[in-house]
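Notes follow the structure.
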Amino acid sequence: MQLGWIDFSKEDRDKVHDVMNLLQEQGAVDELGIGLVRDAFANYFFPGTSTVQTRAKYFLIVPYVLKEAADGKYGSNLSTVLKRIDDAERDCGKRLYAKHNGSSNIGIIGARVLPRGWVARRPSSIYWNSIRTYGIFAQDDMSITEMVKLSIFLRKQENSMKLGNRKDDAEDGDKDDKNAGKEYAGRFFELPENHSEDWRENLSIELTAEEAVFLRGRIEHSVPGTLITYLLKNNIDLTKYDSFEVLYEELQERVPEEMAHMMKLACDFNRIVYAARVRYNMILSDGMNPDANEAWNWICENISRITAIDLEDVFQSLSIVNFKLRRFLASMIAALKGKKFELLDEIIIKREIELKTRSRAKLLHKEDYDPNKWVGGGWLDYRFSDAKQIILDIYQGEEGIHVSNE
């Protein structure tokens, strides 16, 4: 079955590309439809992050470019401005590529195709929602296209006001407010105080000290009470933790009680999803996948721990209403707890058919897949690794002076 769509604007097209890119992200494949819960936990702990973000520097590069567009440096024609935004981001990519000697493993967007090519999904598309979430862009319900349109309108309005249709000697209350458009446009972006027009010179993927302090402040101010803010405020050394569960085990007695509870629920959910994914790969490979078999042995030894999850608490705490997903998880837990593994297989197969139809369900077409290859992801990360990179970039920009060794 082929899928097509009609988009009526560039913004609509970008939204579709966002969804398509999400489905292609490594580790984000969702064969059993648990993404709703996974993403809800991720947004609770690490709002403003995304699995396609690479480095914290783009939280500054993108608004630097967009502010230039809002200030009129790219012209006053909508399509021209959007094209020049893309050109400016590509130019930044080329500068970063050259600065870091063509390295493709340090998070430079487009490194695989630069300097000659460029990406279909530009940095501003990847980081825009986060820039709004952290208050770097002040109008949190506005798209980039809408921002450009408004800035063009405000500049035209400002120019009209400068022409003035009242004399300079008019009464104070009757004079034109010549700064009205400019004053509003200036509230679009929050940027470091010493941000200068020559920011492209010696552009690096690392944050400057001022940028790091600024970004830390934006996150702490905009998303208080979240795990990402807790980690920053307490200067937690994240190099010690390689998974979300390890982070929870270390911090459960230190974080606020509600946060500890949510982290525990996330870990409980993680284990049951992992069990489902392992069994999925055993079914797909007819028991021939050695990694799945080894993982299944661990699951059998830890069934009581894996099935000790309060689904009611998970769905209620996240305000999620999805009867089919809840029914699938509940029936799967019951089968696993009773060690009814044939029934478990039936439940998993039925779930995939429910999500994809029989013609697209992988488990009904096992012959099309390599039994030695893992399908559908493993342990959930809840975007911890993405938040970790952002925080480590901030620490590095601050030259490590804020990192705690407790």
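The values are calculated or read from the model by the stated rules, or taken from the named source; none is laboratory data. Just so it is clear, the structure is predicted and the values come from calculations on it, not from any experiment. All Cβ positions, even for glycine, are placed from backbone atoms using ideal geometry, and neighbour counts span all protein chains on display. All accessible areas refer to the heavy atoms of the entire protein, side chains included, with ligands and DNA or RNA removed. Shrake-Rupley method; radii C 1.70, N 1.55, O 1.52, S 1.80 Å.
Tabulated data
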quantity	calculated
Hz values of 3J(HN,Hα) by residue in segment 129-138 - Karplus curve (6.51, -1.76, 1.60), Gly and Pro given as x	4, 5, 4, 6, 4, 8, x, 6, 10, 7
³J(HN,Hα), Karplus 6.51/-1.76/1.60, whole Hz, each residue of segment 369-380, x for Gly, Pro	10, 6, x, 8, 9, 7, 10, x, x, x, 6, 6
Per residue accessible area in Å² of segment 95-152, where ligands, DNA and RNA are left out and the probe is 1.4 Å	46
Nearest-0.05 FRET efficiency for ARG305 and ALA120, computed from C-beta distance (R0 41 Å)	0.40
Violating pairs (Cα-Cα greater than 29 angstrom) within the set LYS233/LYS337; LYS324/LYS362; LYS73/LYS233; LYS362/LYS388; LYS264/LYS324	LYS233/LYS337; LYS73/LYS233; LYS362/LYS388
Mean Cβ count within 10 Å, highest first, over the residues of peptides 223-229, 290-296, 369-375, 267-273	267-273, 223-229, 290-296, 369-375
Sulfur and carbon atoms: percent of accessible area, segment 49-114 [1.4 Å]	44
For segment 110-117, 3J(HN,Hα) per residue [Karplus equation, 6.51 cos²θ - 1.76 cosθ + 1.60, θ = phi - 60°, Hz, x = Gly/Pro]	x, 4, 6, 10, 6, x, 7, x
Residues of segment 257-355: accessible area per residue with a 1.4 Å probe, Å²	48
